[in-house]
Amino acid sequence: MVKREFTATAPNRLWVTDLTFVPTWAGVAYVCFIIDAFSRMIVGWRVASHMRTEMVLDAIEMARWSRGAHHENLRCHSDAGSQFTSIRYGERLAEIGATPSNGTVGDSYDNALAETVNGYYKAELVRGPAPPGPWKTVEDLELATLGWVHWHNTQRLHGYLGDVPPAEFEQTFYAGQTDREQLVGIK
C-alpha cells in the first residue's frame, strides 16, 4: 500500500467509525473500523478484548499511518459511545487536524455506512458462508480480520464505486483518470 498525504481535492473528507462485537470461546471480542467515506476503504481497525478508548485510539493510529499524520478539514463521525466522546479521543483528533462529529442517540441513519460495514464483515467473515469459526480466541479473530480487511480493500467489489475495490477506485481517482461525473452519489 502506498503511503500518501490525501489532499482537500478528495471529496467527502469524512471518516466513519464504529464498534461491533463478536463472541469467541475466550469471551467477547470488540472490533473497531475506521472507514473513508469517499472510497469505502477501511483505513484503520482494531480487535480487542475490551472496548475502552485505547482500542479506538489504536485504530486512529493505524489510519494516521496509512493516510498521513495531519488532515485539515477532516471530520470523524461516530455514534455517541463513550469511546468516541472521551477527552482523549477528542484530543487525538485535534492532533491530526480532524473534527469529531457524533450522531444523536438512537438514530439508526447517521452511522449507516459503519453499520453496513459491520454487517457485511459479520456476514462475510464471522458467520459464513463457510466460517472457519467458532473463534477460539480474540487473537484468532484478529488474524482473520486482518485478512478480511485486506480482501475488502483490494478485492471486494463495491457497487457504490462502480464495482471496483476501494484501492483500485482510489488509485484511479488520484491518477486523474476518473471523471468526477462518474463518481456515483459522491458530491
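Just checking, how many residues over region 24-47 are outside any strand (DSSP E or B) and closer than 14 Å to residue 65 by Cβ?
1
Taking only pairs six or more apart or across chains, which ones have beta-carbon atoms under 6 Å, a first residue in region 19-35 that is loosely packed, with under 13 Cβ neighbours inside 10 Å, and a second residue that is charged (D, E, K, R)?
Taking only residues 6 or more apart or on different chains, the pairs are 25/136.
Looking at region 24-57, which of its residues are within 22 Å of residue 127 (Cα to Cα), of a type in the set (Val, Ile, Thr) and touching a Leu at 6+ places or on another chain (Cβ under 8 Å)?
Scanning region 24-57 gives 24, 31, 35, 47.
Listed here are the residues, each with its yes/no results for (1) more than 13 Å from the chain's Cα centre (by Cα); (2) of a type in the set (Val, Ile, Thr).
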{"site": "38", "(1), (2)": "no, no"}
{"site": "56", "(1), (2)": "no, yes"}
{"site": "65", "(1), (2)": "yes, no"}
{"site": "72", "(1), (2)": "yes, no"}
{"site": "76", "(1), (2)": "no, no"}
{"site": "81", "(1), (2)": "yes, no"}
{"site": "85", "(1), (2)": "yes, yes"}
{"site": "89", "(1), (2)": "yes, no"}
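For a quick check of your reading: which helices (runs of 4 or more DSSP H) sit entirely within region 103-187 and have at least 2 residues that are at pLDDT 90 or above and touching a Pro at 6+ places or on another chain (Cβ under 9 Å)?
Qualifying helices (runs of 4 or more DSSP H): 138-154.
Is there any pair linking a residue in region 39-55 that is of a type in the set (Val, Ile, Thr) to one that is assigned to a strand (DSSP E or B), with Cβ under 6 Å and at least six apart or on different chains, and which?
Listed pairs, sorted by first residue: 42/33; 42/35; 43/34; 43/36; 47/29; 47/31.
Under 9 Å between Cβ atoms, at least 6 apart or on separate chains: pull out the pairs that start in region 82-101 with a residue that is in a helix (DSSP H, G or I) and end on any residue that is exposed (fewer than 12 other Cβ atoms within 10 Å of the Cβ) and not aromatic (Phe, Trp, Tyr).
Correct list of pairs: 95/69.
Of the numbered conditions (1) part of a loop (DSSP other than H, G, I, E, B); (2) at pLDDT 95 or above, residue 72 fails exactly one; give the number of that condition.
Among (1) part of a loop (DSSP other than H, G, I, E, B); (2) at pLDDT 95 or above, the lone unmet condition for residue 72 is (2).
The values are calculated or read from the model by the stated rules, or taken from the named source; none is laboratory data. Predicted, not measured: the structure shown is a model, and the values here were computed from it. Virtual Cβ from ideal backbone geometry, glycine too; neighbours counted across all protein chains shown.
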